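*Asks:* I'd like to ask some things about the structure below.
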Amino acid sequence: MAVETMQRASGRGIWGWMFFDWAAQPFFTVVTTFIFGPYFVSRMAGDPTTGQAVWGYGIAAAGLVIAVLSPILGSIADQTGPRKPWIAFFAAIKVTSLTLLWFAAPGSNLFLIVALFSLASVAAEFSTVFNDSMMPRLVPKSEIGRISNMAWGLGYLGGMIALIFVVTCLAGSPETGKTIIGITPLFGLDPQLGEDARATGPLSAGWYFLFILPMFFFTPDAIKGIPIGPAVREGLSELKSTLAEVRKRGGIFRFLVARMIYQDGVNALLALGGTFAAGMFQWSITEIGMFGIILNIVAIFGCWIAARLDTALGSKAVVMISLVMLSVATIGVISTGPGFTLLGLIQLSTTDSGGLFGTAAEKAYIMYGLLIGLAFGPVQASSRSYMARSVTAAESGRYFGIYALAGRATSFLAPFMVATITATSGSARLGMAAIILFLGIGMAILVRTPYPADRPVEQ
């Protein structure tokens, strides 16, 4: 690979880029994982099993669209040059779709609401492709792991602040009508109608719109390329050659295959972990929200530690450690239920103290959740820096498009397997067990992948 020289971006430019993660994370935190998703499964749907199946199919559909189009858009972006116009276009789609989630009242058409959520997910992922491809132009490769993990940690901080606001100021108890701090939900939101959960759509839309502005104002972009028409033709042609080229770059190809598999498991775990707990323990929005706050606090520390480990040990080591932790946590989560953990090897008291997470099984679930919190940020942030250290700035758009493809090419498969096994067996626990398979296979491939990935593969 050719040696590159580059100028470091200004401090405002780097912080503007990192604030993209701050802007984007509340969608994943309060909509996908902890508030709206569990509300959809447990209250909008007729029963949790049906809700988890429909939600899983919606995630799978979005993943399929992302897998097909991400590398195409990345290659086109390399030809047109600037990434910001693409981010702005998909931001408009994301903001509109999220705002319309306000109309997801109990009894509403499940497939229409899932379609809006899926559209927002597609727009969010495409925006991330273009934002990530800006990273190699901002700092030297020696600093990429640090700013990637710092940005991810900043994202979790933003997600946690948004989640705390929802839990303390918007999410009222259906019994008392009060939030966890004893106040009436702001804006007159009625928890009986699910308005506290539905409000997370417009809230995430407004947050995203506001906080992506520093990136637009301060972060340097690629120079202007060719017009969009020729760029599409050149981009499609380049994508074809890149797909052929990546097969010859053995290390990068192996890394992308490994990530394709383990990221599928990570995505399914993040998207369905909260809904699984909601169905099993009948958690309210307050309890799910508190669970999310705990995980996000831990995630911030996880990314802070990983930012240093990535520099000292390398991105591959951080990813491997994180995958081991996620595998252990997933086994713990799916083997826990009322009165037991580890599939009955450890019996737990069923006495309910009456407070938050009042049973021993819920406390065990929280402990496994702490492992997830520590690992799910670093596994994604260090995968991103692994890729950025393995390609040049000039090829970053098309390779980050393929990177997104690797993260989404089979992203419909894990949710599809979870949803299908859940629907056919009637057991959400059996459905969630499929996630372990994806994490394990991904780890097995990554073990023999060189670091950085552009190095020759050892035979």
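The values are calculated or read from the model by the stated rules, or taken from the named source; none is laboratory data. What you are looking at is a predicted structure, and each value in this text was computed from that prediction instead of being measured. Positions of Cβ are generated from backbone atoms using ideal geometry, with glycine treated the same way; all protein chains shown enter the neighbour counts. Remember, those area values only see protein heavy atoms, side chains included, never the ligands or the DNA or RNA. Shrake-Rupley method; radii C 1.70, N 1.55, O 1.52, S 1.80 Å.
*Asks:* For segment 84-139, name all the residues that are among the hydroxyl-bearing types (Ser, Thr, Tyr) and either in contact with a strand residue (DSSP E or B) (Cβ under 7 Å, 6 or more places away or on another chain) or open to solvent by less than 10 Å² (accessible area, probe 1.4 Å) (or both).
*Replies:* SER97, SER127, SER133
*Asks:* Tell me the residue from ILE59, ILE66 that is open to solvent by less than 10 Å² (accessible area, probe 1.4 Å), touching a helix residue (DSSP H, G or I) at 6+ places or on another chain (Cβ under 6 Å) and of a type in the set (A, V, I, L, M, F, W, C), please.
*Replies:* ILE66
*Asks:* Mind counting the residues in segment 273-316 that are under 30 Å from ARG43 (Cβ atoms), at pLDDT 85 or above and of a type in the set (Asp, Glu)?
*Replies:* Count: 0.
*Asks:* Something else about it: Could you tell me whether segment 390-406 includes any residue that is at pLDDT 80 or above and within 24 Å of GLY302 (Cα to Cα)?
*Replies:* yes
*Asks:* Still on this structure, please answer the following. Pick out, from segment 142-221, the helices (runs of 4 or more DSSP H) lying fully within it that include 2 or more residues that are free of Cβ contacts under 8 Å to residues at least 24 places away in the same chain.
*Replies:* Those helices (runs of 4 or more DSSP H) do not exist here; none qualify.
*Asks:* Kindly evaluate THR49 against the criterion of being under 23 Å from PRO191 (Cβ atoms), hydroxyl-bearing (Ser, Thr, Tyr) and in contact (Cβ under 8 Å) with a residue 24 or more places away in the chain.
*Replies:* It is false that THR49 is under 23 Å from PRO191 (Cβ atoms), hydroxyl-bearing (Ser, Thr, Tyr) and in contact (Cβ under 8 Å) with a residue 24 or more places away in the chain.
*Asks:* Pairs please, first residue from segment 302-321 and more than 11 Å from TYR451 (Cα to Cα), second anywhere and of a type in the set (Phe, Trp, Tyr) and open to solvent by 10 Å² or more (accessible area, probe 1.4 Å), Cβ atoms under 7 Å, 6+ apart in sequence or on different chains.
*Replies:* These pairs meet every condition: CYS303/TRP152.
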